[in-house]
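The values are calculated or read from the model by the stated rules, or taken from the named source; none is laboratory data. From a predicted model like this one, the values you see are computed outputs, not experimental measurements. For neighbour counting, all protein chains shown are included, and Cβ atoms are generated from backbone atoms with ideal geometry for every residue, glycine included. For the accessible areas, the whole protein counts, side chains as well, though only heavy atoms, and no ligand, DNA or RNA atoms are used. Shrake-Rupley method; radii C 1.70, N 1.55, O 1.52, S 1.80 Å.
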Amino acid sequence: MSFQLNCPNCGKRAVSEFSFKCEYMERPEADADFKEWGDYIFLRENKKGTQTEWWFHRSGCQSWFLVERDTTNNTDHKSFWYKDLKQKK
Amino acid sequence: MTERMWNNHEMRSSYDVVIIGGGAHGLATAYYLAKNHGITNIAVIEQKFIGYGGSGRNTAILRSNYRTEEGILFYDQSLKLYEDLAQELDYNLMFSQQGHFTLGHSTASMQALTTRAAYNRALGVNSTILDPPEIKKMLPEIDISNHPRYPIMGALYHPPGGIIRHDAVVWSYARGADQRGVHIHQLTEVQDILVENGEVRGVKTNRGTIHCKQVVSCVAGWSSEICKMVGIKLPLVTHPLQALVTTDYKPWLHHVVVSSTLHIYLSQTDRGELVCGNGIDHYPHYGMRSTLGFLESYAAHLLELFPILHNVTVQRQWAGLCDMTPDYSPIISMVDDVDGFYINCGWGTWGFKGSPASGWNTAQMVAERKTPDMIAAFRHDRYVKNRLVGEKAAASVGN
Ligand SMILES: Cc1cc2nc3c(=O)[nH]c(=O)nc-3n(C[C@H](O)[C@H](O)[C@H](O)COP(=O)(O)OP(=O)(O)OC[C@H]3O[C@@H](n4cnc5c(N)ncnc54)[C@H](O)[C@@H]3O)c2cc1C
Ligand SMILES: [Zn+2]
């Protein structure tokens, strides 16, 4: 175990219990053009620093949630539900 | 007085070409620009020391048994350049073409390996399928019984594959470039790239600004950050990859062994140490720490293949950054909107073997301002144009 990730449901658990999915991005509208969908599927910020990303508690409560994580230093991170991302805006 | 392999120079206020990144790809590009094209007013800018990135941290496995035509031809050119490199650079690179096994543990993987063997042979690359008794003859310590969780069903065997001394490759390209007039600036970090009217004008570093008309980015795991400076978003995710080395044992393993089902690979160096690695860490990260989880999972899987290794001592472990692409093929590309900017990245966990061909073709692209046919498939925008070069089956753990 290299660090403990905070699940909004279960609290801190070994990161090996979780699956990382992807950095968070706004999904294009269904009728967006080919280029917009292509960019969404393939291109990434891949940020060296703090980014928001999707995680899944695979060996735990099976929830999907968001994490704001510093990719140079895992210990600084905040976990929250998707609905709270929407409220932030 | 000791002879230095490369010299320190004052930084000029301008160069013809600035190469960012002092790994094998950046240094090979500088070397072939000087040697093949007579362009020598070049600076290689490295934030730490040369070989600080993946080029000084890899497990040094070379092979060309890829899956696509584009991949096979490119890595074959690279392996052939490697075969003559010690002679050309007058440096002992300890290249041992001892043969490379990719084990198959399921009918699906045997099917993929059989297809690869056929494509390889059609393009003149030596690859064959071996059955378990044939494997056992060449690797007497391997467990081919049906006791392991994933019994061995066969292997793709690639005789020209092998291992090399990776540091020596980095140092000898650096020396070869230096001898031809290239300046290598270590402890120099590129902080911005200057672009005016869609043309490259220079780079800003912590030691001052350098003017130039051509910039080549060869920064592997750091590429997203550099390309952002000119407004380009890449299809990359940076993941750490870990490796370990044991103490030395008498020679017993005479070929490189890879199992993608078990996520492991190993080889034995001339000194007798076992060099071992597995798959990337499962989440992106820009740090280079090694973990106990890696050591545990590696050991468990290794013992399934080679039970005699239950008592080996691990000497050290480390990690390096890998710039993973969605199709497991590299990016070597000009850029439509920024004249004079070139991208060389997407080397993931597999790119050290590509350094000579990458340097050769990148140099040609920079010198002629035109993409050579050999790398035409590796453009940065192929993803959004739906022209992927799928090498996952051949590159994900195989290294
Ligand atoms: C553990 C491990 C095992 C591997 N095993 C194999 C293998 O067996 N076979 C194989 O073919 N490949 C292997 N690889 C992959 C291989 O190491 C890499 O693909 C390859 O070394 C990349 O070389 P490079 O020159 O492109 O980049 P790097 O060697 O990573 O060099 C990039 C350089 O850019 C510098 N840099 C970054 N940002 C800046 C900046 N802003 N300013 C100045 N300089 C900067 C960095 O300090 C670094 O030195 C392995 C990788 C790892 C980590
Ligand atoms: Zn949970």
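Taking the stated definitions as given, is B:Arg175 in contact with a Phe, Trp or Tyr (Cβ under 7 Å, 6 or more places away or on another chain), open to solvent by 30 Å² or more (accessible area, probe 1.4 Å) and not small (Gly, Ala, Ser)? Taking the combined requirement at face value, the residue satisfies it.
Determine if region B:179-194 includes at least one residue that is open to solvent by less than 20 Å² (accessible area, probe 1.4 Å) and touching a Cys at 6+ places or on another chain (Cβ under 8 Å). The answer is no, given that none of the residues of region B:179-194 is open to solvent by less than 20 Å² (accessible area, probe 1.4 Å) and touching a Cys at 6+ places or on another chain (Cβ under 8 Å). Assess whether B:Pro307 counts as being buried (at least 20 other Cβ atoms within 10 Å of the Cβ) and either closer than 30 Å to B:Ser217 by Cα or out of contact with any Phe, Trp or Tyr (no Cβ under 6 Å at 6 or more places or on another chain) (or both). Here the answer is no, as B:Pro307 does not meet what is asked.
Summed over region B:25-59, the residues that are within 12 Å of ligand 1 (Cβ to nearest atom) and without any contact (Cβ under 8 Å) to a residue 60 or more places away in the chain give a count of 1.
Criterion applied to B:His239, B:His282, B:His255 was being within 11 Å of ligand 1 (Cβ to nearest atom) and open to solvent by 10 Å² or more (accessible area, probe 1.4 Å), and the one residue passing it is B:His239. Inspection of region B:312-319 identifies no residue that is assigned to a helix (DSSP H, G or I) and open to solvent by 60 Å² or more (accessible area, probe 1.4 Å). Would you check if B:Glu391 is within 26 Å of B:Met229 (Cα to Cα), acidic (Asp, Glu) and either outside the structural domain of B:Leu156 (by TED's automatic domain parsing) or open to solvent by less than 10 Å² (accessible area, probe 1.4 Å) (or both)? Taking the combined requirement at face value, the residue does not satisfy it.
Go through chain A and tell me which strands (runs of 3 or more DSSP E), entirely inside it, have 2 or more residues that are among the polar types (S, T, N, Q) and within 16 Å of ligand 1 (Cβ to nearest atom).
Numbers: elements: A:4-7, A:11-14, A:19-23, A:50-56, A:64-70, A:77-80.
Correct list: empty, since no element meets the threshold.
The single condition among (1) open to solvent by 10 Å² or more (accessible area, probe 1.4 Å); (2) in a strand (DSSP E or B); (3) within 22 Å of B:Phe95 (Cα to Cα) that B:Cys276 does not meet is (1).
So, of the residues in region B:12-47 that are part of a strand (DSSP E or B) and buried (at least 24 other Cβ atoms within 10 Å of the Cβ), which turns out to be nearest to ligand 2 (Cβ to nearest atom)? Result: B:Ile20.
Among the numbered conditions (1) exposed (fewer than 15 other Cβ atoms within 10 Å of the Cβ); (2) within 13 Å of ligand 2 (Cβ to nearest atom); (3) facing another protein chain (nearest Cβ under 9 Å), the only one that A:Lys35 does not meet is (2).
I'd like the full set of residues that are over 10 Å from the mean Cα position of the chain (by Cα) and within 13 Å of ligand 1 (Cβ to nearest atom), limited to region B:60-76. First the steps, then the outcome.
Initial filter on region B:60-76 (over 10 Å from the mean Cα position of the chain (by Cα)): B:63-76.
Once the filter is applied, which keeps residues that are over 10 Å from the mean Cα position of the chain (by Cα) and within 13 Å of ligand 1 (Cβ to nearest atom), region B:60-76 yields B:Arg63, B:Ser64, B:Asn65, B:Tyr66, B:Gly71, B:Phe74, B:Tyr75.
Return the residues of region A:3-18 that are open to solvent by less than 50 Å² (accessible area, probe 1.4 Å) and either away from ligand 2 (no atom under 12 Å from the Cβ) or aliphatic (A, V, I, L, M) (or both); say none if nothing qualifies. A:Phe3, A:Leu5, A:Ala14, A:Val15, listed by residue number.
Looking at B:Phe294, B:Phe341, B:Phe352, can you tell me which residue is within 15 Å of ligand 1 (Cβ to nearest atom), within 14 Å of chain A (Cβ to nearest Cβ) and surrounded by 16 or more Cβ atoms within 10 Å (Cβ to Cβ)? Write out each step before concluding.
Working: B:Phe341 fails: within 14 Å of chain A (Cβ to nearest Cβ); B:Phe352 fails: within 14 Å of chain A (Cβ to nearest Cβ).
None of the others qualify; the one that does is B:Phe294.
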